[in-house]
Amino acid sequence: MKIIKQSQKALIEAAAFLENGGVVICPTDTVYGFLALASNRKAVENIFKIKKRPRSKPLAVFVFNIKQAKEIAEINKDQEKILKKFWPGKFTFILKIKKNIDFRCLSKLIVGKGDTIGIRIPKYKFLNDLLKKINKPLAQTSVNISGQPALTKIADIIEKFGGSDPPMLIIDGGNLPESNPSKIIDLTSPHLTRIR
């Protein structure tokens, strides 16, 4: 485990760590999150392992902009208007995956057995800068053991996950305000449906 304070140096180090197949713990606009390259099956598997998350619950992804979201999901004009209204922000939207998606950009673990994917553009400068630098979708989920509350305090994160195998890079952004993970909205039906 390596802990590094949020900084420009941390941004460069986190990008390299992710590109090399590592898992990064990073502050977001809601809670701390696990991050991995969405295309790297082993890195995505490691998130499931560390979090003790059932394989039946696919991960959502962070993207840098709507153009990147369109590379992996079917987005019509009405959906795009909604996305532009709420992104960047604390909303994960469920969308239909593009047919014939290139699994070099998305691990099948993220897709699961369905034909939908959860996508979000966060609103947190360090994370948005990281997404811009990487320029690839990042698998993401809240930092916690599956079924337990999401963590916002850096000391709790280090205590709980500091000894995890494989080792991770932890970006220390200090304690975040108490918050819930993002709201999840299903855009695949005629009416907006809130899932969480």
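Contact annotation: no residue pair with Cβ atoms under 6 Å, 6 or more positions apart or on different chains, pairs a residue in region 107-119 that is closer than 26 Å to residue 82 by Cα and surrounded by 22 or more Cβ atoms within 10 Å (Cβ to Cβ) with a partner that is acidic (Asp, Glu) and at pLDDT below 85.
Take region 139-167 and flag every residue that is outside any loop (DSSP other than H, G, I, E, B) and either acidic (Asp, Glu) or farther than 16 Å from residue 177 by Cα (or both). Reasoning before the result, please.
As a first pass, look at region 139-167 and keep what is outside any loop (DSSP other than H, G, I, E, B): 139-142, 154-161.
139, 140, 141, 156, 158, 159, 160, 161, listed by residue number.
Report whether or not residue 68 is outside any loop (DSSP other than H, G, I, E, B), polar (S, T, N, Q), in contact (Cβ under 8 Å) with a residue 12 or more places away in the chain and in contact with a Pro (Cβ under 7 Å, 6 or more places away or on another chain). When the stated conditions are applied, residue 68 passes them.
Screening residue 166 with (1) closer than 25 Å to residue 49 by Cα; (2) surrounded by 16 or more Cβ atoms within 10 Å (Cβ to Cβ) gives one miss only, at (2).
With respect to the conditions (1) without any contact (Cβ under 8 Å) to a residue 40 or more places away in the chain; (2) in contact with a Pro (Cβ under 8 Å, 6 or more places away or on another chain), residue 29 lacks only one, and its number is (1). For region 14-53, residues that are in contact with a Ser or Thr (Cβ under 9 Å, 6 or more places away or on another chain) and over 19 Å from residue 110 (Cα atoms) total 6.
Taking into account only those residues within region 94-113 that are part of a strand (DSSP E or B) and of a type in the set (A, V, I, L, M), which is modelled with the lowest pLDDT?
Of all residues in region 94-113, those part of a strand (DSSP E or B) come to 94-97.
Right, trim to of a type in the set (A, V, I, L, M) and you get 94-95, 97.
Numbers: 94: 94, 95: 94, 97: 91.
Only one residue fits best here, namely 97.
In this structure, residue 67 does not satisfy being farther than 20 Å from residue 135 by Cβ and over 15 Å from the mean Cα position of the chain (by Cα). Here is the figure for region 29-57: residues that are under 11 Å from the mean Cα position of the chain (by Cα) and closer than 9 Å to residue 139 by Cβ total 7.
For region 136-145, check the following and say yes or no: at least one residue is touching a Lys or Arg at 6+ places or on another chain (Cβ under 6 Å) and either aliphatic (A, V, I, L, M) or over 21 Å from residue 55 (Cα atoms) (or both). Can you show your working first?
Initial filter on region 136-145 (touching a Lys or Arg at 6+ places or on another chain (Cβ under 6 Å)): 145.
Next, from what is left, pick out any that are either aliphatic (A, V, I, L, M) or over 21 Å from residue 55 (Cα atoms) (or both): 145.
Yes, because at least one residue in region 136-145 is touching a Lys or Arg at 6+ places or on another chain (Cβ under 6 Å) and either aliphatic (A, V, I, L, M) or over 21 Å from residue 55 (Cα atoms) (or both).
Can you find a residue in region 44-63 that is surrounded by 15 or more Cβ atoms within 10 Å (Cβ to Cβ) and over 25 Å from residue 180 (Cα atoms)? No, because not a single residue in region 44-63 is surrounded by 15 or more Cβ atoms within 10 Å (Cβ to Cβ) and over 25 Å from residue 180 (Cα atoms).
The values are calculated or read from the model by the stated rules, or taken from the named source; none is laboratory data. Given the structure is predicted, the values throughout are model-derived calculations rather than measurements. Methodologically, a virtual Cβ is constructed for each residue, glycine included, from the backbone with ideal geometry; neighbour enumeration extends over all protein chains shown.
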